[in-house]
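The next block holds one structure in the form of structure tokens; read it before the comments.
The values are calculated or read from the model by the stated rules, or taken from the named source; none is laboratory data. Note that the structure is predicted; figures quoted are calculated from it, not measured. Cβ placement follows ideal geometry from the backbone for every residue including glycine, while neighbour counts extend to all protein chains displayed. Just so you know, the surface numbers come from the protein's heavy atoms only, side chains and all, with ligands and any DNA or RNA stripped out. Shrake-Rupley method; radii C 1.70, N 1.55, O 1.52, S 1.80 Å.
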Amino acid sequence: MEPFRRDIRSVRGIGEKRAQALNKLGVFSLFDLISYFPRRYEDRSSIRPIALVQDGEAVCITAVIADEPRLSRIRRGLDLVRVRAFDDSAEVTVTWFNQSYVKNQLRSGQSYRFYGKMEVKGTRRSLTNPVFEPEDLPTGRMSVTGRIVPVYRMVSGLQQSAIRQSIRQGLDSCLGSLPELLPPAVREEYGLADAGQAYEDIHFPPDPHALDQARKRFVFEELFLLSCALGSRQKTGQKGIVVPKPDFSLFYDTLPFSPTAAQRRAIEEAASDLASGSRMSRLLQGDVGSGKTLVAAALVWQCFRAGYAAAFMAPTEILAEQHYRTLSAFLSPLGLKVGLLTGSTRAKEKRQLHEALELGTLDLIIGTHALLSDSLHFHRLALTITDEQHRFGVEQRSRFGGGDDASDPSASALPPHVYVMSATPIPRTLALIIYGDLALSALDELPPGRQAVDTFSVGSAYHARLLAFIRKLCGEGRQVFVVCPKVEDEEDPDAAADGSLSGKKLLSAVEYAQQLRLELPELRIGCVHGKMKAADKDLVMQQMIAGEIDVLVSTTVIEVGVDIPNAALMLVENADRFGLSQLHQLRGRVGRGQHKSYCVLVTDSESEEAKARMKIMCETGDGFKIAEEDLRLRGPGDFFGSRQHGLPEMHVADLGTDTETLMKSKEAADRLLALDPTLSLPEHAALRERVLLLTEKMDGTLN
Ligand code: ADP
Ligand code: MG
């Protein structure tokens, strides 16, 4: 691996200036360089007759230059070269802006291949700023016409051609000597291209088939590495604390409502695990509002009955406090002692909690990741529950799961059972790779009497009518959420390209709240956003919970779990900026009480995808269906990606759709790890190095 760590400055053709531009793209070493894969490809392999090209099509044509190219200066800083060209079918006018050197590269009467976007107006055809090559030049690996051409993500100061060239040089300097990460047997079994071929073809594929093969190999490699990295942490078939199953009807009888059949089933499933003698590792999936908290309460009660304690971790202080209130309401009447530990718990109280935990006088501790503190010693801890687990990093989760922690001599020798709850549907295969041998329970039923949230999609021209609606609802004593998308500090170049930022400026939550205060002076308007201190955010949220705020304007900080039954309207501005699943989560903040509730999605986006998303939101309230649609609409992307689950960013693989490869690569990784658990055999050296690198990266996702 060592030679590939060498600085890109050692690659021929890469000077200081280009190196700095590449550094901005995260490319430092030769290895980074050849691993900088194209973001897309342009298929310029087929040549089209000019007459058959439609308006707006990007195509390759072969045409003869009809006259001398003319250079004209429009004004200072703007000149153009224009020339007419033709093939057997039609003529086209070709124009280049500010590329005066083109004039001397073209010869009248000579034939060239052009690639560019054709504009057709009546019988007039034009090409602007096309790339071109003489037709008699054979298409080689670096040709930009007549073949599949890679397109890379760019950065200012670096042209496509410069990136291509650098990568070409990089590949040429190492192709013969690339280390092969995949054991030959694995490559053979799954029919995967070797490393050298794959690196060549992912950048400069001679044809679509070669590109497919290269991609297939890298998807496999990426998932194989991930499986190795995660697999080496997973301990399966562990013994677990035996927590006998109680008669839950005693618990159900104390509730203000009857649990749904789905809740009873989920409780039974986990309760059996707890009693089984093997360590439980189970995921509970349930849509927002499906009543996951009650399931958690039942399991805590089971532990309590057997003389054990449980710990419950939530991703934010607000949620921890909310769970504290809800779970106390369920459990205190049954004699359980419940504690709350967050970042803002006072020192004295914290000390008392620590003591109580150690003495075993606390039956349930609820908290944020403050619960991960090393100084915390649990007595007879049998169960850890994590809510909205995707918010935590992999490492945090595994630490909370405990098991490696031998620091507490009084702790029972067995690690606690692990229960995670999520409103984000995760495909079975992905769950498998994240959690190992994970069992799954689903709450596929909402509590009875829940009214569907009426959802509408409107344009910003409806603003005045929406104000009237807010006034009416608040006049009836209801509360309202308004969500504005986060305004990025740095504009995302992709977002700018799709036009969604053009025209109207997005209002930040702060600006929006100010505007609302002027428009609705009689209402109490609050505002929370990501840049506020946690304590300030909490203060505003508490006011909202206490009903001291009528309208809360926020960025997506209220996305998860907050329960305010009095809220009857969720108004989402620039709704096209949110993913479907996110919109669904937001909508789940209302319709939690007995009041008729509404969700209004405001968007002026004309894009087909945005329209399709709004339509789905208006048509269905089923979170799993929405998640599926989300995946389908967005295609390969980040839906199940990395960040949500604390996994490293995937470059080629898609955790949502590459499920088959995921299974295969996991299988292969498991088999390899069974033979060489620490990857210390010499033939696994390159693999080991990459796995370690990945592990470091994942641990870096902490916080
Ligand atoms: P989740 O965390 O799954 O989004 P919660 O646990 O917060 O959902 O429950 C949502 C609301 O439904 C809470 O107010 C809760 O008290 C209520 N609830 C839960 N189970 C039932 C049930 N079986 N019948 C009626 N209401 C229920
Ligand atoms: Mg919840």
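Summary table below
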quantity: Residue in the range 25-36 that is of a type in the set (A, V, I, L, M), over 26 Å from ASP207 (Cα atoms) and surrounded by fewer than 15 Cβ atoms within 10 Å (Cβ to Cβ) present; calculated: no
quantity: So LEU192, is it assigned by TED's automatic domain parsing to the domain that holds GLN302 and open to solvent by 10 Å² or more (accessible area, probe 1.4 Å); calculated: no
quantity: Residue list for the range 57-82, restricted to those being of a type in the set (A, V, I, L, M) and more than 21 Å from LEU137 (Cα to Cα); calculated: ALA58, LEU71, ILE74, LEU78, LEU80, VAL81
quantity: Residue in the range 2-9 that is modelled with pLDDT under 90, surrounded by 17 or more Cβ atoms within 10 Å (Cβ to Cβ) and not basic (Lys, Arg) present; calculated: yes
quantity: Top-ranked residue in the range 121-143 [being open to solvent by less than 30 Å² (accessible area, probe 1.4 Å) and in contact (Cβ under 8 Å) with a residue 24 or more places away in the chain; ranked as farthest from SER166 (Cα to Cα)]; calculated: LEU127
quantity: Lone qualifier among TYR190, TYR199 - being at pLDDT 90 or above and closer than 20 Å to GLU667 by Cβ; calculated: TYR190
quantity: Residue match in the range 161-180 (condition: in a helix (DSSP H, G or I), surrounded by 21 or more Cβ atoms within 10 Å (Cβ to Cβ) and without any contact (Cβ under 8 Å) to a residue 40 or more places away in the chain); calculated: no
quantity: Residues of the range 337-381 that turn out to be at pLDDT 90 or above, assigned to a loop (DSSP other than H, G, I, E, B) and among the acidic types (Asp, Glu), as a count; calculated: 1
quantity: Pair list, Cβ under 7 Å, 6 or more apart: the range 443-461 residue small (Gly, Ala, Ser), other residue assigned to a strand (DSSP E or B) and more than 16 Å from ligand 2 (Cβ to nearest atom); calculated: SER457/LEU601; SER460/VAL602
quantity: The range 469-492 residues that are open to solvent by less than 40 Å² (accessible area, probe 1.4 Å), paired with ones that are outside any helix (DSSP H, G or I) and at pLDDT below 70 (beta carbon under 8 Å, 6 or more apart); calculated: CYS484/LEU506; PRO485/LEU506
quantity: Test: residue in the range 573-587 that is at positive phi and away from ligand 2 (no atom under 16 Å from the Cβ); calculated: yes
quantity: Residues of the range 307-366 that turn out to be of a type in the set (D, E, K, R) and within 16 Å of ligand 2 (Cβ to nearest atom), as a count; calculated: 3
quantity: Residue count, the range 45-77 (criterion: assigned to a loop (DSSP other than H, G, I, E, B) and in contact with a Lys or Arg (Cβ under 6 Å, 6 or more places away or on another chain)); calculated: 4
quantity: Which numbered condition GLU269 misses (of (1) among the acidic types (Asp, Glu); (2) touching a strand residue (DSSP E or B) at 6+ places or on another chain (Cβ under 6 Å); (3) crowded, with 19+ Cβ neighbours inside 10 Å); calculated: (3)
quantity: Condition met for PRO206 (in a loop (DSSP other than H, G, I, E, B) and either touching a residue at least 12 places away in the same chain (Cβ under 8 Å) or buried (at least 20 other Cβ atoms within 10 Å of the Cβ) (or both)); calculated: yes
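Results for (1) at pLDDT below 90; (2) out of contact with any Ser or Thr (no Cβ under 9 Å at 6 or more places or on another chain); (3) not charged (D, E, K, R), shown as yes or no for each residue.
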| residue | (1), (2), (3) |
| --- | --- |
| ASN104 | no, yes, yes |
| PHE132 | no, no, yes |
| PRO138 | yes, yes, yes |
| GLY146 | yes, no, yes |
| SER161 | yes, yes, yes |
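Residues are listed down the side, and each one gets a yes or a no for (1) within 16 Å of ILE47 (Cβ to Cβ); (2) assigned to a strand (DSSP E or B):
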{"residue": "ASP79", "(1), (2)": "no, yes"}
{"residue": "ARG84", "(1), (2)": "no, yes"}
{"residue": "VAL94", "(1), (2)": "yes, yes"}
{"residue": "TYR101", "(1), (2)": "no, no"}
{"residue": "LEU106", "(1), (2)": "no, no"}
{"residue": "GLY109", "(1), (2)": "no, no"}
{"residue": "PHE114", "(1), (2)": "yes, yes"}
{"residue": "MET118", "(1), (2)": "yes, yes"}
{"residue": "LEU127", "(1), (2)": "yes, yes"}
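Quick grid of which residues meet (1) open to solvent by 30 Å² or more (accessible area, probe 1.4 Å); (2) away from ligand 2 (no atom under 16 Å from the Cβ); (3) at pLDDT 95 or above:
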position: CYS228; (1), (2), (3): no, yes, no
position: GLN238; (1), (2), (3): yes, yes, no
position: MET280; (1), (2), (3): no, yes, no
position: GLY289; (1), (2), (3): no, no, no
position: ALA296; (1), (2), (3): no, no, yes
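Results for (1) surrounded by fewer than 23 Cβ atoms within 10 Å (Cβ to Cβ); (2) closer than 20 Å to ALA468 by Cα; (3) within 16 Å of ligand 2 (Cβ to nearest atom); (4) under 18 Å from the mean Cα position of the chain (by Cα), shown as yes or no for each residue.
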residue	(1), (2), (3), (4)
ASP550	yes, yes, no, no
VAL553	no, yes, no, no
VAL562	yes, no, yes, no
PRO565	yes, no, yes, no
LEU569	no, yes, no, no
ARG592	yes, no, yes, no
LEU601	no, yes, no, no
